Amino acid sequence: MNKVLLIADKLTKSFASSKTERFCLWHDINIEISEGEAMAICGESGSGKSTLLFALGGLEGVDSGTICFCNQMIYHHSNPYTPGISYIFQHYYLIEELSVLENLLIPVRVMGEKVNAGVKDQAHRLLLELGLEKFSHQLPKTLSGGERQRVAIGRTFMMNPRLILADEPTGSLDEQTSLRVIQMFFSVCQKFKTSFILVTHNENFAMQANKYCRLEQGELKRCK
Amino acid sequence: MQLAFMWTLKLALHYLFPKGRIGTFFTWMSIAGIALGVMVLTVVLSIMNGFDKTIHSKLIQINGQIKILSTSIIEDCTQWMHTLENFEGVSHVTPFVQGIALVQHGDYVQFPRCLGVDAKTVQSVLPLNTFVRSGDIADLNQGVFVTKGLAQTLNVNVGDIFDIYSPLSLEAIKRDEVLLPKELPIVGIFETEWAEIDKNTLLCSLETLQDLYGLANGVHGFSLSVKAGTSVQQLCSKLNAHLPKPLKAYSWMELDADFLHILKLEKAMSFFVLLFVILVACFSISSGLMSSVVRKTREIALLRIWGARRWQIAALFCWQAVFLSSIGILLGFIGGISVLHYRNDVIRCLTGLIFPKDFLWNFYSFSNLPVAYAWQDFALVGSLTFIIALLAAIIPALKASFSLVTRSLRSE
């Protein structure tokens, strides 16, 4: 049995809708993710999927409940960095001034680690895996949307994460490209035995995950 | 620590000089603004230094490095000459008599400032030869030298003779006596290029003026030159400690203290006014960086998620100001020195388009702009520009470092 990586227990989140009233976004959410496990969350726009994802990473605070990642409690505080957790967003947020290779190396530099031959080798292997090796010295603006998102995926893996929180990574791509990118993402996650929580509108993609849930009316319903 | 610091430096450089480009529009406009400000300051301050240097050297040529003055007549001139010449640090000494007299040539009358000097010793302290336009200073005992301005006013030339009335004439009138004017030939014309002197000054031998003022062997003071390596101010203090009252030594700086103060004030004001060029350039850096912060808000959020500290985000933007100002300062100095190197060609070209050929000489008594480089000015301009640019980056840097990560990532 795989080791449990993340446990979210009875998470509740509400917003002030007026001066006196509060709107409950979701309540009593329980999530458990083990090592190498994939989970997908679907739901309508505005159901609070992204907020839940941000809350699981400690980027967003919750009203009540606890989040435990690798036996460490996660709190929302001024430092948004949680070692072992990495993100992929709908928009790629690549640094336009840097080459594809440098975009992959920048998280390593920011983490204060030395970019030695081993790290560069890892970056090249990832680029090869994602079919981007020929673009390594090009600027992101010369790439297509799908290629850029693949660079963003590669960049995420450079941090050697144990859990990836992916917020609609194919949201701005066409259907065919989305399928190619998501397949690549699943395969790389599988290869590196990385767990992930995928927030998506696409049920076909969600069905491919080990766990599939829907966020409806503030509740997380397990579908698979 | 070093690694945590280095990536901010590298990324800042990439923001200014993206891969495959020689810099962004913002980069080069910011550098141009700083460079222009530094260049203008360098040019103006160096030219002002040049004028200062020229004026200082002129003041020394006219007055000597030290002047010893007395409120009464100094009777034992030879004794004092001997004492002063043997004083430690004093190189040469020359006595002088000065005052006002009435001169007349035909219908023209003037009250020039008269300076009586000892023809034998004066050249060792005051380089009068350099001022002579016609005549020979060795002929001083045979007549007088007048300035170009006085010669024009009196309508005289070398060889002419004019009458000079002593102030003693007034005393004689009180006693119902008549003191006849002295007839003196003009043996030369001089010009110091110092307007105050050139307008109305007469130069004659010490004996002539002593005779005219009835001083016998008395003098009004001494001009001193100082041995190389001796501080004028220190020697002045030493002399004042030894000299009996009412004798007092004045350095050339003290004699024209007000004028020199105005020169300093002018330079300070020019610096202050031109500093605004740099301030404006730094404002544009600040607004450029601020728009960069807004544009890169999601990148900043990502950097924070990857573990970047607030100070590292702030450093990322401060580094940009450091690079922009450093390059701007360097280019500004290079531009300034280049302009100063070709200053005379530039000025001749500009004035030649509008004014006659000798315009500068006729109006400002110079045909070549004097320049003096002062490393202190370069250091001041460079460091002030650097500090202002860094201060300009602080607000964008703070905004970047305190931007909210979740809001930035959700903003679309």
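Read-outs: derived from the displayed coordinates by stated rules, not from any lab. Source: prediction; values computed, not measured. All Cβ positions, glycine included, derive from the backbone under ideal geometry; neighbour counts span all protein chains shown.
About the centre of its Cα atoms, chain A shows a dipole size close to 380 debye [charges on the beta carbon of Lys, Arg (+1) and Asp, Glu (-1) only; nearest 20 debye]. With q set to 0.18, 0.22, 0.30 Å⁻¹, the log10 of I(q)/I(0) for region B:1-54, from the Debye formula over equal scatterers at the Cα positions, is -0.72, -0.83, -1.02.
Converting phi to 3J(HN,Hα) with the Karplus coefficients 6.51, -1.76 and 1.60 and the offset θ = phi - 60°, region A:97-110 yields 7, 9, 5, 4, 4, 5, 5, 6, 7, 4, x, 5, 4, 4 Hz in sequence order, with x at every glycine or proline. Computed about its Cα centre, the charge dipole of region B:158-269 is approximately 760 debye, with only Lys, Arg, Asp and Glu carrying charge at their Cβ. Going by the alpha-carbon gyration tensor, a ≥ b ≥ c the square roots of its eigenvalues, is region A:106-189 rounded (a/c under 1.5) or, if a/c is not under 1.5, prolate (a/b greater than b/c) versus oblate? Prolate is the answer for region A:106-189, as a/c is 1.5 or above and a/b outweighs b/c.
GNM on chain B, alpha-carbon springs under 10 angstrom: the most fluctuating residue among B:186, B:62, B:313 is B:313. I'd like to know which of B:257, B:354, B:386 lies farthest towards the positive end of the charge dipole of the protein assembly as shown, counting +1 on Cβ of Lys and Arg and -1 on Cβ of Asp and Glu. Result: B:386, furthest along the dipole toward the positive end.
Seen from a random direction on average, the alpha-carbon convex hull of region B:23-85 projects onto 7.5 square nanometres. Using just its DSSP H runs of length 4 or more, each adding -39500 (n - 2.57), chain B gives a mean residue ellipticity at 222 nm of -19000 deg cm²/dmol after division by all residues.
Shape call for region A:42-89 from the C-alpha gyration tensor, a ≥ b ≥ c root eigenvalues: rounded (a/c under 1.5), prolate (a/b greater than b/c) or oblate? Judged from the Cα gyration tensor, region A:42-89 comes out prolate (a/c at least 1.5, a/b above b/c). Among the lysines of region B:215-364, pairs at least eight places apart or on separate chains and with Cα atoms under 28 Å apart come to 7.
Take each residue in A:129-141, count the other chain C-beta atoms within 10 Å of its C-beta, and the mean is 1.
Can you compute log10 of I(q)/I(0) for region B:1-150 with the Debye formula, treating each Cα as one identical point scatterer, at q = 0.09, 0.17, 0.18 Å⁻¹? Per q value, in the given order, log10 I(q)/I(0) is -0.57, -1.16, -1.21. For the residues B:391, B:274, B:353, a GNM of chain B with alpha-carbon springs under 10 Å puts the largest fluctuation on B:353. Based on the Kirkwood radius over alpha-carbon pairs, what value in µm²/s does the Stokes-Einstein equation return for the translational diffusion coefficient of region B:108-176 at 4 °C and 1.567 mPa s? Answer from the Stokes-Einstein relation: 92 µm²/s. A compact globular protein would have a Cα radius of gyration near 2.2 N^0.38 Å; the ratio found for region B:159-273 is 1.51.
Spatially, region B:123-182 and region B:275-320 are offset by 73 Å when compared through their Cα centroids.
Calculated on C-alpha atoms, the gyration radius of chain B divided by its Kirkwood radius gives an Rg/Rh of 1.22. Label-to-label distance, residue A:71 versus residue A:18, with points set 7 angstrom from Cα along the beta-carbon direction: 5.0 nm. Farthest towards the positive end of the charge dipole of chain B, among the residues B:247, B:144, B:11, is the Cα of B:11, using unit charges on the Cβ of Lys, Arg, Asp and Glu.
Compute the distance from the alpha-carbon center of region A:163-222 to that of region B:386-412, in whole Å. Centre-to-centre distance over Cα atoms comes out at 33 Å. A simple charge model with +1 on the Cβ of Lys and Arg, -1 on the Cβ of Asp and Glu and nothing else charged puts the dipole of chain B at about 3780 debye relative to its Cα centre.
May I ask which residue of A:118, A:72, A:151 lies farthest towards the positive end of the charge dipole of region A:4-222, with charges of +1 (Lys, Arg) and -1 (Asp, Glu) on Cβ and the Cα centre as origin? It is A:118, whose Cα lies furthest towards the positive end. Here the contact order of chain B, divided by its residue count and restricted to Cα pairs under 8 Å and six or more residues apart, works out to 29 percent.
From its DSSP helices (H runs of at least four residues, each -39,500 (n - 2.57)), chain A gives a residue-normalised ellipticity at 222 nm of -9500 deg cm²/dmol. Can you flag which of A:120/A:141; A:3/A:49; A:13/A:141 are past 28 Å Cα-Cα? Listed pairs above 28 Å: A:13/A:141. Under Stokes-Einstein, with the Kirkwood radius over Cα pairs as Rh, the value for region B:90-226 at 20 °C and 1.002 mPa s is 141 µm²/s.
Computed from the C-alpha gyration tensor, the three semi-axes of the ellipsoid equivalent to region B:252-351 are 43, 19, 12 Å, from longest to shortest. Note on region B:63-97 and region A:125-150: Cα centroid distance 88 Å, given to the nearest whole angstrom.
Considering every alpha-carbon pair of the protein assembly as shown, the percent of pairs per 10 Å bin, from zero through the bin containing the longest distance, is 3, 12, 16, 13, 10, 8, 7, 7, 7, 7, 5, 3, 1, 0.
Considering region A:4-222 at the alpha-carbon level, its Rg and Dmax are found to be 17.6, 58 Å. At most 12 other Cβ atoms within 10 Å and a DSSP loop assignment: could you name the chymotrypsin sites (Phe, Trp or Tyr not before Pro) in region A:167-222 that fit? The qualifying sites: there are none. The mean sequence separation of alpha-carbon pairs under 8 Å and at least six residues apart, normalised by the residue count of region A:153-223, gives a relative contact order of 30 percent.
Between amide H atoms placed 1.01 Å from N, distances below 5 Å from residue A:79 occur with no residue 5 or more places distant or on a separate chain. Counting only Cα atoms, the size of region A:81-139 along its three principal axes is 32, 30, 22 Å, in decreasing order. Label-to-label distance for residue A:204 and residue A:186 is 1.1 nm, based on points extended 7 Å past Cα in the beta-carbon direction. Working from Cα pairs under 8 Å separated by at least six residues, relative contact order for chain A is 29 percent. Couplings for region B:138-147, taken from phi via the Karplus curve 6.51 cos²θ - 1.76 cosθ + 1.60 with θ = phi - 60°, read 5, 8, 4, 6, 9, x, 10, 9, 10, 6 Hz in order; Gly and Pro are left as x. Each residue, residue B:86 and residue B:17, gets one label point 7 Å from its Cα in the Cβ direction; the gap between the two is 7.0 nm. Potential lengthening of the chain between residue B:24 and residue B:351 amounts to 114.0 nm, from the contour at 0.36 nm per residue minus the alpha-carbon distance. Close amide H contacts of residue B:190 (hydrogens built in the peptide plane, cut-off under 5 Å, sequence separation of 5 or more or a different chain): B:133, B:146, B:147, B:148.
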